[in-house]
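Encoded as structure tokens, the structure appears first; notes follow it.
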């Protein structure tokens, strides 16, 4: 029995090691390519670069006539901060109303949100593009912020799930002490909800960094207002890929570091959010 | 069970109470049937009742809203709404101007503007009607207060109730204005586009488009035609893709989680981090990088050739491309499932395994008879969202293959295109908004029915309480 256990454990270690290599190798290779001295997307028959350089990173910040990486970074951060603040408030308000307040339109509104959420999100983006064009905000960062945060109420489920777990007795006690519903929301519920607020802030902050489809429809060819994802995608287009491939890798590494850090921080909140608190351990 | 009965009883009690207080409950209908003259007149002149009861500010606010809604609707909406049945008749044309002695462009109609502004005008009208009814209800509420011998609420008291009794209105108004403007209106607009001929040949302002009834649906759902042929081809692959992407990720992710969480495996944190780093990098970055690695002269082929193998065409041949996207998606998806399922796996009661061991079950048997059923029961909602997410998994396809390899007998689609990437290309590259809208509506119908059916099955399964 014991030897059998040792054999299976060795096997498991072996498989895990192989899998870890498979999962880490592309990331390591991406980092390596970002330091490659030889330009071009194709390899000349060998994989390990013969020349190492920081040039790809400096190029991003100096060679800004065609691809203005620092500007895109700034755009993305501005959009991310604004949409993150607005979205978080929208989600908080919606989730709290649906979880804690009782009013006649509650059920119907929740059903409307459920149905709207089943339309492919991209479908409305096309219409929004025309709508925004008509009010003269086309290809602007404001338009992007409005779109990222406008529909935020539709994603209230995770936060509502969290609010539902806060005992109602707390609310009732505060109510008997003469608190208004607003005071209960601010002074009782919010302080208890830090994990789920962190989760919402981080996810809504990351969204503009990793979104391509919405930004590409709204920005079209306005290079100055590009976000990171759009810009990096452009670097790999046929006419640019030779000169910009290694710079793309450098840009990708730079953008991945903060996002990976944020993701690692919220890992636990993320899992709890998705599984809706069904994890007890 | 008792809990359910209890809530049922409560609900009934509430219903009976509501019935007894029927006249007292403030609904639009009650207000119009039982309201006095002041209340009923509020239906015509917004805020009339409130003003007559001395709630001057509130009444004036209602009146102000009524005027602005009417003003917007008449001054700007009417022009467009009146053209809604044709979506415009005059295209832009050049006309000789005698006074200036040159040709000048005379702007014509713009179908897009007509449709969009009409929806906007109707939306404003709906808001107006809602406010009008709110005014009637507000007047009725005051009427009831006065009848009970209470003082009508002061404006300050009304404001205070916005943070207490009516907090839901205060909290929900901003988010739902956002939803109305950025989700609801656009979706209505897109649904209406499905009944027009707004395609690459009818682009306003140069050309106009008009209503064509169900023609687009007939085109797309017709087996024989190019569009129908493409639609069913793409739909078939979309479903196959979603099934494979969802269930393979689920299965393998769970196996990885089981291995990491096996009783005497050490360095659990390290193994987990290896996988988590892979998903912490944004998906579009890894996908674009993988595309480059897998291309004809990419890293993988260079390595294969240096080992003496033939280069493989990963992305240019239908079968290979389909396999590649599924495998690459495994690379992205397995860590997610691993993360999600780890915690739940730990919750499976240990005695189940011990009992099965005594009965002589091996690890495979345990996985099939204990782990899998338990996990399926707990994570079905997650699986459904994953499945629907994969039906609409734009990134995995677009960044890897861009839908390719393209084929000539498809209508601007390739062999790995999903409905969503096809929709993207039709609108962004070709301007076939009508067909794209039909695809969007069909996608909605598929997603909605899948969720409804599975959640219903889930609800009935829950009643049997297999695992609680």
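The values are calculated or read from the model by the stated rules, or taken from the named source; none is laboratory data. These numbers were taken from a predicted model, which means no experiment stands behind them. Quick reminder, even Gly has a Cβ in these numbers, built from the backbone with ideal geometry, and neighbours come from all protein chains shown.
Taking region B:307-348, which residues are outside any helix (DSSP H, G or I), farther than 28 Å from residue B:281 by Cα and out of contact with any helix residue (DSSP H, G or I) (no Cβ under 7 Å at 6 or more places or on another chain)?
Correct list: B:307, B:308, B:309, B:310, B:317.
Residues are listed down the side, and each one gets a yes or a no for (1) within 38 Å of the chain's Cα centre (by Cα); (2) free of Cβ contacts under 8 Å to residues at least 60 places away in the same chain:
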{"residue": "B:88", "(1), (2)": "yes, no"}
{"residue": "B:94", "(1), (2)": "no, yes"}
{"residue": "B:102", "(1), (2)": "no, yes"}
{"residue": "B:119", "(1), (2)": "yes, no"}
{"residue": "B:123", "(1), (2)": "yes, no"}
{"residue": "B:126", "(1), (2)": "yes, yes"}
{"residue": "B:133", "(1), (2)": "yes, no"}
{"residue": "B:136", "(1), (2)": "yes, no"}
{"residue": "B:146", "(1), (2)": "no, no"}
Return the residues of region B:382-395 that are assigned to a helix (DSSP H, G or I), within 12 Å of chain A (Cβ to nearest Cβ) and under 19 Å from residue B:443 (Cα atoms); say none if nothing qualifies. B:383, B:384, B:385, B:386, B:388, B:389, B:391, B:394, B:395
Would you mention how many residues in region B:396-430 are farther than 16 Å from residue B:443 by Cβ, within 14 Å of chain A (Cβ to nearest Cβ) and free of Cβ contacts under 8 Å to residues at least 60 places away in the same chain? 3
Of the criteria (1) more than 10 Å from chain A (Cβ to nearest Cβ); (2) out of contact with any strand residue (DSSP E or B) (no Cβ under 8 Å at 6 or more places or on another chain); (3) at pLDDT below 90, which one residue B:210 fails: (2)
Take region B:349-373 and flag every residue that is modelled with pLDDT under 85 and not in a helix (DSSP H, G or I). B:349, B:360, B:361, B:362
Any residue that is in contact (Cβ under 8 Å) with a residue 60 or more places away in the chain, farther than 26 Å from residue A:261 by Cα and buried (at least 21 other Cβ atoms within 10 Å of the Cβ) - is there at least one of those in region A:166-179? no
Only residues that are surrounded by 15 or more Cβ atoms within 10 Å (Cβ to Cβ) and over 16 Å from residue A:252 (Cα atoms): list them for region A:23-37, please. A:23
Quick one: is residue A:197 more than 26 Å from residue B:186 (Cβ to Cβ), in contact with a helix residue (DSSP H, G or I) (Cβ under 6 Å, 6 or more places away or on another chain) and more than 11 Å from every other protein chain (Cβ to nearest Cβ)? no
Residue B:273: passes all of (1) buried (at least 19 other Cβ atoms within 10 Å of the Cβ); (2) at the interface with chain A (Cβ under 9 Å from one of its Cβ atoms); (3) under 34 Å from the mean Cα position of the chain (by Cα) but (1)
Look at region A:1-51 and say how many of its residues are over 21 Å from residue B:281 (Cα atoms), within 32 Å of the chain's Cα centre (by Cα) and either in a helix (DSSP H, G or I) or more than 7 Å from chain B (Cβ to nearest Cβ) (or both). 4
Count of residues meeting criterion [more than 7 Å from chain B (Cβ to nearest Cβ) and not in a loop (DSSP other than H, G, I, E, B)] in region A:138-148: 6
List pairs: first in region A:116-128 and more than 7 Å from every other protein chain (Cβ to nearest Cβ), second surrounded by fewer than 24 Cβ atoms within 10 Å (Cβ to Cβ) and part of a loop (DSSP other than H, G, I, E, B), Cβ under 9 Å, 6+ apart or cross-chain? A:121/B:392
Can you tell me which residue is farthest from residue B:189 (Cα to Cα) among those in region A:92-111 that are within 8 Å of chain B (Cβ to nearest Cβ) and in a helix (DSSP H, G or I)? A:96
Heads up, the helices (runs of 4 or more DSSP H) in region A:198-280 (entirely inside) with at least 1 residues that are at pLDDT below 85 are A:241-275
Out of region B:200-216, which residues are over 13 Å from residue B:112 (Cβ atoms) and touching a helix residue (DSSP H, G or I) at 6+ places or on another chain (Cβ under 6 Å)? B:200, B:216
Quick check on my filter: what residues within region A:36-48 are touching a helix residue (DSSP H, G or I) at 6+ places or on another chain (Cβ under 7 Å), at pLDDT 75 or above and farther than 16 Å from residue A:242 by Cα? A:47
Among the residues listed as B:172, B:163, B:159, B:192, the single one being facing chain A (nearest Cβ under 9 Å) and in a helix (DSSP H, G or I): B:172
Does region B:279-291 contain any residue that is surrounded by fewer than 16 Cβ atoms within 10 Å (Cβ to Cβ), facing another protein chain (nearest Cβ under 7 Å) and without any contact (Cβ under 8 Å) to a residue 24 or more places away in the chain? no
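Residues to consider are A:86, A:27; find the one that is at pLDDT 85 or above and within 21 Å of residue B:291 (Cβ to Cβ).
A:27
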Working only within region A:236-264, note down all residues that are closer than 15 Å to residue A:40 by Cα and either surrounded by fewer than 18 Cβ atoms within 10 Å (Cβ to Cβ) or at the interface with chain B (Cβ under 9 Å from one of its Cβ atoms) (or both). A:236, A:237, A:238, A:239, A:240, A:241, A:242, A:243, A:245, A:248, A:249
